[in-house]
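Each value in this text was obtained by applying a stated rule to the coordinates, not by laboratory testing. Because the structure is a prediction, the values reported are computed rather than measured. Don't worry about glycine lacking a Cβ; one is built from the backbone with ideal geometry, like all the others, and counts go over all protein chains shown.
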Amino acid sequence: MLTLALLFAESGPLTTALIGGGALALGLAAGFFLHRILTGQTISRAKAESRQIIERAEADARVAAEKLRVDAEKSLLDRKEKFEGEAEQQRAEIREQERRLGKREDLFDRKEETLSLKEATLTRTAEALKQREARITELERKAEAVVEEQKEALQRLSGLTREQATTMLLRKIEDDTRLESAKIVRKIVEDTESEAKGKAREITLQAIQRYATEHTSESTVRTVAIPSDDMKGRIIGREGRNIRAIEKATGVDIIVDDTPGVIVVSCFDKIRQAIAVESLERLIADGRMHPARIEEVVERVRSEIQDRVMKFGKDSILEANLRGVHPKIVEAMGKLHYRTSYGQNVLRHSIEVGYLCQIIADQLGLDGAIARRCGFLHDIGKAMDHEMEGGHPKIGMDFAAQYGEKEPVLNAIGGHHADIPATSFYTPIVMAADAVSSARPGARRESMEKYVQRLNELQDIALREKGVTEAYAIQAGREVRVMIDAERVGDDEAFLIAHNIARKVSEQMTFPGEIKVTVLRETRAIEYAR
């Protein structure tokens, strides 16, 4: 190589080029042969390795195939054993079902035989029943014929028709039933009274003792005192113009008669009556008496009394300790100051009933405030019953409902005289408190005419009862004594007569408090010694 280099160095450019090209070709040839030799060796090694790999793969494949074959045979054997077990279980179940079906078929066969026997028995029984029915029908026909013959014979012997005999039998049954019902009523009432009387008396006495307010009978003034007959003439006026002016302005009737020193003011509306009375008193005191002056005084008095009505209403609401009362209700309660019932001031009566209701409700474990409101408003209808048709309970209930009162207040107002059914415990409490307030001695009074009329009506109701011979109203009409015929009426029937009289008195009469009915049955044995 060094020689070639020297030759290259010594030679010229052309020679150098030729020599370089030959050397390059020679190098390329040598590199090619060297590459083929190396490539051949690599290929030989690769072929040898690939044969080894193929041999190993074939060996692994044979091992894997053998393993798969063994696993498949094992799995097949397991599945075969499992299938045979399940098949055996199913065969056992089928055999059990076949056994049960066999038993059921035997049971059905026995039932069929039993039903056949029963059917045959029923057939025979039906035939026997038909024969018995025919015999019974024949016997009934014969019995009816015998009964008819006996009825005809009885009619001939008794001389009574069928209707008359039926009436007599029903009357006998009615008498027997009446006696039995009287015994039952007597026992029930006695048992109930024995249990309830003590508790009721205790609660009522506690209520009365805790609210023992002063009671005086009030009456609305109906007469006006005049100093002289000359003033009486001035009240009448020329051709009666003054008295007509008073009557027109106040809406009352002025009665001027021969009674010395007084004139009478008559009016159903107690407020108008109060306006007329006070106006007359002022006119008499003033001495001036002419239509213009009369109208002026009446208008002034009317305004003042309207203010008093509101004051009375507000004071009563405060005294009763109520909240949320509508002004119209306050005004209506104030009007009750001028209203009386048997001489008892209705506003004072309402306040008393309210507190009695509270005390009774507290004793019974109820709401005392609601009970007090029910009792205070129970007679509110009396403030306008002279202006509307109907009883004061219905009028008062509608009026209170119009101005926001709710149950049970409305039911207590409408039902405190049993005009409507009670829907709460407060309504009977109001009824009891109303009776206590009204029946207290000195609380009420009435005119002699009404008093005599009430006594006569009480006696007439008792005398209309069957078996009553005499009846007397005693104790100012608080009790009626009834005498009955001992030969016609027994002890139990006497109790029933007392019950019926009390019920009719309650339904047909209006009275304060309560009336006691006492029935007396007396047997007298009289003999003479000679």
For Tyr403, Tyr426, Tyr338, what ranking results if the residue with the fewest other Cβ atoms within 10 Å of its Cβ goes first?
Tyr403, Tyr338, Tyr426
Could you order peptides 286-295, 120-129 by the average number of other Cβ atoms within 10 Å of their residues, highest first?
286-295, 120-129
Any aspartates and glutamates with Cα under 18 Å of the Lys151 Cα? List them, leaving off those in the same chain fewer than 8 positions away.
Glu140, Glu163
Peptide ranges 322-333, 357-368 listed from the most packed, as the mean C-beta count within 10 angstrom indicates
357-368, 322-333
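Need one number for region 223-439: average projected area of the convex hull over its C-alpha atoms, nm². Please list the in-between numbers first.
Numbers: hull surface 52.6 nm².
If you wrap the Cα atoms of region 223-439 in a convex hull and average its projections, you get 13.1 nm².
With N denoting the number of residues in region 448-521, provide Rg(C-alpha) divided by 2.2 N^0.38 Å, to two decimal places.
Numbers: Rg = 11.8 Å, N = 74, 2.2 N^0.38 = 11.3 Å.
Taking the Cα Rg and dividing by 2.2 N^0.38 Å, one obtains 1.04.
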Positive end of the dipole of region 91-134, charges at C-beta (+1 Lys, Arg; -1 Asp, Glu), about the Cα centre: which of Ile94, Thr121, Gln131 has its Cα farthest in that direction?
Ile94
Once the Cβ-Cβ distance between Glu487 and Ile173 is put in as r, and R0 is 30 Å, what FRET efficiency do you end up with, to the nearest 0.05?
0.90
With T = 25 °C, eta = 0.890 mPa s and Kirkwood Rh from C-alpha pairs, the Stokes-Einstein D of region 42-157 in µm²/s is about 99 µm²/s
So for each of 458-469, 494-505 I average, over its residues, the number of other beta carbons within 10 Å; can you give me the resulting order with the highest mean first?
494-505, 458-469
